[in-house]
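Heads up: the structure comes next, in structure tokens.
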Amino acid sequence: MLRQIIQIVLPVILPFLVYGLWLKWARAKAIREGHDVIPPLDKGPWLLLLGIGVALAAAILIVTALGTGASPDSIYHAPTLKDGVVQPGYFEPKE
């Protein structure tokens, strides 16, 4: 569950968080400098932010898929139950 949050949810939400922080900073700056124009929340680039988030999540998933895992010619040993304790499965390099 945590892996799914880190690899999918966080990258999609990250552009919105960055935009929200920038918007808060821009509004504070506009008020501090006495400007009448404060960046509105409803005019944000929501579709662009969603596209960036989805692209970021896709890039992370692709890098994870291609950069992790065992060699295709390795041998997989399934989990076993030994003395009431589950021994996890593992990959063994082929000789």
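The values are calculated or read from the model by the stated rules, or taken from the named source; none is laboratory data. Because the structure is a prediction, the values reported are computed rather than measured. Cβ atoms come from the backbone with ideal geometry, glycine included; neighbour counts cover every protein chain shown. SASA here: full protein model, heavy atoms, side chains in, ligands and nucleic acids out. Shrake-Rupley method; radii C 1.70, N 1.55, O 1.52, S 1.80 Å.
Taking Ile38, is it β-branched (Val, Ile, Thr) and open to solvent by 80 Å² or more (accessible area, probe 1.4 Å)?
Spelling it out, it is not the case that Ile38 is β-branched (Val, Ile, Thr) and open to solvent by 80 Å² or more (accessible area, probe 1.4 Å).
Determine whether region 53-64 contains at least one residue that is part of a helix (DSSP H, G or I) and touching a Phe, Trp or Tyr at 6+ places or on another chain (Cβ under 8 Å). Give the derivation first.
Looking only at region 53-64, we keep the residues that are part of a helix (DSSP H, G or I), and these are 53-64.
With touching a Phe, Trp or Tyr at 6+ places or on another chain (Cβ under 8 Å) added as a condition, the list becomes 53.
Scanning region 53-64, I find at least one residue that is part of a helix (DSSP H, G or I) and touching a Phe, Trp or Tyr at 6+ places or on another chain (Cβ under 8 Å), so the answer is yes.
Taking the condition modelled with pLDDT of 90 or more and of a type in the set (Gly, Ala, Ser), does Ala30 pass? Give the steps one after another, and end with the answer.
Values: modelled with pLDDT of 90 or more: no; of a type in the set (Gly, Ala, Ser): yes.
Spelling it out, it is not the case that Ala30 is modelled with pLDDT of 90 or more and of a type in the set (Gly, Ala, Ser).
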Self-check item: Single residue of Leu49, Leu2, Leu17 found to be hydrophobic (A, V, I, L, M, F, W, C), open to solvent by less than 60 Å² (accessible area, probe 1.4 Å) and free of Cβ contacts under 8 Å to residues at least 40 places away in the same chain
Solution: Leu49
Quiz item: Of all residues in region 62-95, which are within 29 Å of the chain's Cα centre (by Cα), in contact (Cβ under 8 Å) with a residue 12 or more places away in the chain and open to solvent by 70 Å² or more (accessible area, probe 1.4 Å)?
Solution: Tyr76, Tyr90, Phe91
Self-check item: Subset of region 37-93 [modelled with pLDDT of 95 or more and of a type in the set (Asp, Glu)]
Solution: none
